[in-house]
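What follows is a single structure, written as C-alpha cells, with notes after it.
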2 protein chains.
Amino acid sequence: MLDEQLLLECGLIRPTSSGLFTILPIARRALNKLESHIIACIEAAGAQRMSLPSLTSSTLWDKTGRLEEVGPELMKMEDRHQKKFLLSPTHEEAVADLLSDVGPMSYKQLPLLLYQIGNKYRDEHRPKHGLLRAREFSMLDAYGLHTSEDCARTMYSRVSDAYAQLFKRLQLPVHRVSAPPGSMGGSMSHEWQLPAAAGEDELATCPRCRQAALDGDQRCETCGGALQWLQSVEVGHTFILGTRYSLPLGAFYTPGTGGPQPILMSCYGIGITRLLAACLEHLSTDKSLRWPKLIAPYDIIIIGPKEGSYEWQSIGSDEMDRLYDVIAHTQPDADIIIDDRHHLTIGKRLVMADRMGYPTIIVIGKAYLESPARYEVYRSTRPDFESGTQTTPYSTPAALLLTEAELLSHLEGNDEQLIKSSA
Amino acid sequence: MLDEQLLLECGLIRPTSSGLFTILPIARRALNKLESHIIACIEAAGAQRMSLPSLTSSTLWDKTGRLEEVGPELMKMEDRHQKKFLLSPTHEEAVADLLSDVGPMSYKQLPLLLYQIGNKYRDEHRPKHGLLRAREFSMLDAYGLHTSEDCARTMYSRVSDAYAQLFKRLQLPVHRVSAPPGSMGGSMSHEWQLPAAAGEDELATCPRCRQAALDGDQRCETCGGALQWLQSVEVGHTFILGTRYSLPLGAFYTPGTGGPQPILMSCYGIGITRLLAACLEHLSTDKSLRWPKLIAPYDIIIIGPKEGSYEWQSIGSDEMDRLYDVIAHTQPDADIIIDDRHHLTIGKRLVMADRMGYPTIIVIGKAYLESPARYEVYRSTRPDFESGTQTTPYSTPAALLLTEAELLSHLEGNDEQLIKSSA
C-alpha cells in the first residue's frame, strides 16, 4: 500500500484541514495532463464543455428530495440574505434547472452531452486516504439529455467506450461493474473500479479471464473458475437517470407531435483528483512513486555532478544545459527538468528521483569522463501490465551506459537494438 | 453599453441565482482560450501552477484581521463538526499558511512564483452587470515569495510586463493605474483598468498621449493637455504585500546567516470571467457581440442555403462539409462551425451570426450558382484599435464575393491583394 507520507515527502500535496489539500506544482502538472486526456476522450464522444456554479440553491435539492436523502454529507451555507445554498457534490439538479430555465428544446436539438470540470464538495464524516476521499475534489461530470431510453442507451454506450479508451490510454486496468443506482435513481448504473490496496470497495475478478464479475457471484461467468477479491477504488460512475430530475424540476422537450415531455437524463462522472491518487496507489510501492506514462509530471530528469566535485570541475555545469537542449530538440513533446540541487551528491539525488518516479533519469557522472563519454540512464519499465487486475508496480532496472547518440536513439524508442548493443 | 440581455439571447450565460451564472458552451470556449493565453503569459514570467482549496479555515483570516475587515462580503460556512470556513475571495492567508506548514525554505529556493486558476467567492450585497460583478467568479491568482523588497520589485515588474504582454495580445487598451493597497496592505499596488461603459471605476486618460493619469490630476503629466474621464472595469490588480501575511501566519525563510526571517510576499490577480465580460463590453455594440480575435469561440461560421430552397436543391448539403474540410486543411488552427439550422433562411442566420460576432462568416448562397462559383464572405474589422482608450467596436463591412481560391488566400491573410482584386 502506498504510504500517504510519501506524497507529502515528495512535495505532491499538503493537507490544509481534514480532507482538504493543496495540490503542489509537481502534482498539478500531472493533473493538467490527466485533465487534458479526460477532455480529449469525452469530447471525442461529442461532449461540449460548460461550467455550472459550485453554489446550487438548496431549493432545487429540496424539490428532488435529495436535500434530506444525502443529508449531512452536503456542505451547506447561507448568503448574507439568508438564502440557502449547497456546495454541490454533483449537478443533476442544476442541469435540470438549466433546461427548465431555457424552456422546452425541440426534439431536433437532442441528444446533447454537456460536461464540466470543476471542484465538488462532500462533507465526509471521517475523510481518509488523502485525495482518495477528500472533502473538496476535482471531477469531470457529464450530462446526457435524451428523448428516449434507446437514445440514452446509445449515448451511455458511447460514453462508456470513451471511458474504456481513456483508461486504456492510461494503461490502467479499470473494470466496469454493474451497480445499484442508489440515491441517484434511474434504470442503469455502473461503477468503474481500479484495483488498489487502499480502496474502500471490493472487486471480484477472475484471475484467468481478467474480467470483473457481477455482484455476489462465486464463480467466473465465462470460465467457471473461482473468483478472487481485490480492494479497489471507484474512479468513475455512469448512470441512466430517466426522468428522476427532469420531472420534478420541469426540464421538458417538445416532440414532433403532441405536448412537452420530460427530458431523459444520463450522467457520467470521473473523480479527477481521486483518479490521480488511485493511479499512484495502483502503480507505486511504499518506497517509490510510479505514474502512468502519459501523466508523469516530467518525462526526463537530468542529474549533474555535485558542485565542487572532480566531475563538476571536469565536465562543467554547461553540459546539463547542452544535453537539455539536445533532448528538447529531438523530443519536442518531452517534459525535461534539470535537478539543480547541485549541493547534493549524485547518489542522494538519484534516490530522490527514483522515489519521485521520473520515467527516465539521466546521470552525468563518472562515465562521462571516460572515452567515449557515456551517460548513466535509468528507465522505469512495467513488464506485467498485461496481467490486468493485479497491482503491478513499475520496476527500475540497472543503469544503461549510453553515448549521446545511443541515448537519443533510446529515447526515440528504438530500445531493442540498444539493449542488444549495451548487453 | 452592452445589453446584458444580448449575452442571454446569444446563449453565452444563464443566471441561476442573483450573481451566479452558468457558463454555456459558446462562452466556455472563449474562456478556455482566454485561460490558455493567461497561463502562457504568467508561466513565461516563471510561475508554477498549483491549486489551493476554495475552502479556507476562518482561523487564518482571523489571525490576519481580515475576517472582520472584509466582513459581510465573505461567504462563510460551517462543516458538520462546526468548524468554520470561508469560500475564499483570495488566498494570501492560505499561501502564507502553506509556507508556514512546509517550514522555513532556504533563501536559495527563493524567489518563487506560484499561481492557480479557480473559482473565487464574494457575497456582493447587490450583484450587477452580470459577469462583471458576480458572486462566484474565475480568477488567476499568483503569489510571489521573496527575501527582500528589491527582489519583490524585480518580480513585480516581471509580472507587470507579462500582464502588458497579455493585454497587448488580446488587443485591449488596459491601463495600469497606481492604487491604494486598501485592506490588502503592503507597499505598492496597481489596478489594471479597461475602458468600458458599464465599468464601476473611473479612469483619467489623456486623449493625446493615450496614457492613463495618476489619481487626482487635472492635466496630463506628459503633455499638459486636459484629461478625459472614462468609465472602466478593473480586470487585474497587483500588490507588493511585504510581511502583512507572512508575519502573523509564520511564513519564514532561512537567510545565509542568522535566524529565520519573514518571507516578503507579492500577489497578482486577473479576474478571468470578468475580463471576458469586460472584453465584450469594450468591443461590442448594443446589437452585436464582438470578441478579441484570439478568444472568439469560433473563427469561422459556414451558412448554407435554407432546406428545400432552390439553392439547397442545386448545391446540395455536402458542399458545406466539403468547404469545412478544405478550410480545416489549409487553416488547421482555425475553429470552424457549420450553422446546421437549415430550416432558417440565410438572412435570418446571417443576422444571428453577426450578432454573435463570428469573425468570419461564409455564406453559400445565390452567388455560388453563378460562374465562377463565389462565396459571400463577411469579416469583422477593427480599424481604430490604435486610438487606445476609446471604446472601439469592430465593424462588419459589406460582403466580399470570393471564389474558393480567393477565399483561401483571404483567410491566409493576403488581404490587400484580394481587396484590390474584388474592388
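The values are calculated or read from the model by the stated rules, or taken from the named source; none is laboratory data. Since the structure is predicted, the reported quantities are computational estimates derived from the model, not experimental observations. Note that each Cβ is placed from the backbone with ideal geometry, even for glycine, and that neighbours are counted across all protein chains shown. Calculation scope for accessible area: heavy atoms of the full protein, side chains included, ligands and nucleic acids excluded. Shrake-Rupley method; radii C 1.70, N 1.55, O 1.52, S 1.80 Å.
Among the residues of A:74-82, the average count of other protein chain beta-carbon atoms within 10 Å of the residue beta-carbon is 5.
Between B:P332, A:Q5, B:G316, the Cα set farthest toward the positive side of the dipole of the protein assembly as shown (charges on each charged residue's Cβ, about the Cα centre) is that of A:Q5.
Residue and whole-Å distance for the chain A Cβ lying nearest the axis of the A-onto-B rotation are A:M77, 2. With unit charges on the beta carbon (Lys/Arg positive, Asp/Glu negative), name the residue among B:Y268, B:S284, B:T257 whose Cα is farthest towards the positive pole of the charge dipole of the stretch B:162-296. Looking along the dipole axis, the top candidate is B:S284. Note on the stretch B:1-142: with charges restricted to the Cβ of Lys and Arg (+1) and Asp and Glu (-1), its dipole about the Cα centre is near 280 debye. When the stretch B:4-283 is described by a simple charge dipole with +1 on each Lys and Arg Cβ and -1 on each Asp and Glu Cβ, the residue from B:C151, B:L194, B:L241 located farthest towards its positive end is B:L194. Panel note: the C-alpha atoms of chain A, placed on their principal axes, show extents of 84, 60, 42 Å (largest first).
Sorted shortest first, the distances from the B:S187 label point to those of the same residue in the other copies are 6.9 nm; each point sits 7 Å from Cα along Cα-to-Cβ. Taking the label point 7 Å along Cα→Cβ, B:K128 and its counterparts in the other copies are spaced 5.3 nm apart, in ascending order.
Among the residues of the stretch B:85-117, those with an accessible-area drop of 10 Å² or more from chain alone to full protein complex, heavy atoms and 1.4 Å probe, are B:F85, B:L87, B:D97, B:L98, B:D101, B:V102, B:K108, B:L114. With the simple model of a label 7 Å out from the Cα in the direction of the Cβ, B:S18 to B:I39 spans 3.6 nm.
For the pair B:D286 and B:Q109, label points projected 7 Å from Cα toward Cβ lie 5.7 nm apart. Across peptide A:20-32, the mean count of Cβ atoms from other chains lying within 10 Å of each residue's own Cβ comes to 5.
For B:T403, the residues whose amide H sits under 5 Å from its own are B:Y375, ignoring neighbours fewer than 5 places away on the same chain, with H placed 1.01 Å from N. The residues neighbouring B:Y368, those whose beta-carbon lies less than 14 Å from its own, together hold a net charge of -3 under the Lys/Arg +1, Asp/Glu -1 convention. When a/c is below 1.5 the answer is rounded, else prolate if a/b is larger than b/c, else oblate, so apply that to the protein assembly as shown with a ≥ b ≥ c taken from the square roots of the Cα gyration tensor eigenvalues. Rounded is the answer for the protein assembly as shown, as its axis ratio a/c remains below 1.5. Here the Karplus curve 6.51 cos²θ - 1.76 cosθ + 1.60, taken at θ = phi - 60°, turns the phi angles of the stretch B:235-241 into couplings of 9, x, 8, 10, 9, 9, 8 Hz, with x standing for Gly and Pro.
Evaluated with a Cβ-only charge set (Lys, Arg +1; Asp, Glu -1), chain A carries a dipole of roughly 460 debye about its Cα centre, given to the nearest 20. Look at the alpha carbon pairs under 8 Å that are at least 6 residues apart: their mean separation over the length of chain A gives a relative contact order of 15 percent.
For A:R176, the shell of other residues with beta-carbons less than 12 Å away shows a net charge of -3, using +1 for Lys and Arg and -1 for Asp and Glu. Annotation: per residue accessible area for chain B equals 42 Å², rounded to a whole number [probe 1.4 Å, protein chains only].
Straight-line cross-link partners of B:K33 among the lysines, defined as a Cα under 16 Å from its Cα and at least 8 positions apart when in the same chain: B:K168, B:K293.
For the stretch B:256-344, the set of GluC sites (Glu not before Pro) satisfying both a DSSP loop assignment and a count of at most 14 other C-beta atoms within 10 Å is given as B:E307. When +1 charges are put on Lys and Arg Cβ atoms and -1 charges on Asp and Glu Cβ atoms, the dipole computed for the stretch B:202-292 relative to its Cα centre reaches about 200 debye. The packing ranking, built from the mean of other Cβ atoms within 10 Å per residue, places the peptides A:283-291, B:327-335, B:161-169 in the order A:283-291, B:161-169, B:327-335, highest first. Between A:Q261 and B:K168, the C-beta separation translates, for a Förster distance of 56 Å, into a calculated FRET efficiency of about 0.60.
Under 14 Å of direct C-alpha separation, and excluding same-chain neighbours fewer than eight residues apart, A:K83 reaches these aspartates and glutamates: A:D62, B:D123, B:E124. DSSP beta bridges fully contained in the protein assembly as shown are about 85 percent antiparallel.
Please compute the net charge surrounding A:C41, taking Lys and Arg as +1 and Asp and Glu as -1 over other residues with Cβ under 12 Å from its Cβ. Spelling it out: positives minus negatives among the neighbours equals 0.
Counting DSSP beta bridges in chain A, what percent are antiparallel, to the nearest 5? The answer is about 85 percent antiparallel. Straight Cα distances below 21 angstrom link B:K108 to the lysines A:K306, A:K348, with same-chain residues fewer than 8 positions distant left out.
Helical content of the protein assembly as shown, expressed as a calculated mean residue ellipticity at 222 nm, amounts to -9000 deg cm²/dmol (DSSP H runs of 4 or more residues, -39,500 (n - 2.57) each, divided by residue number, nearest 500).
Comparing A:P195, A:P180, A:P262 in a Gaussian network model of chain A (Cα springs below 10 Å), the most mobile by mean-square fluctuation is A:P180. Shielding by partners for peptide B:7-16, expressed as the average number of C-beta atoms from other protein chains within 10 Å of each residue's C-beta, is 2.
Plainly put, the tip 7 Å out from Cα toward Cβ on A:P372 is 5.5 nm from that tip on each other copy, the closest given first. Highest mean packing comes first when the peptides A:122-133, B:341-352 are listed by Cβ atoms within 10 Å, giving A:122-133, B:341-352.
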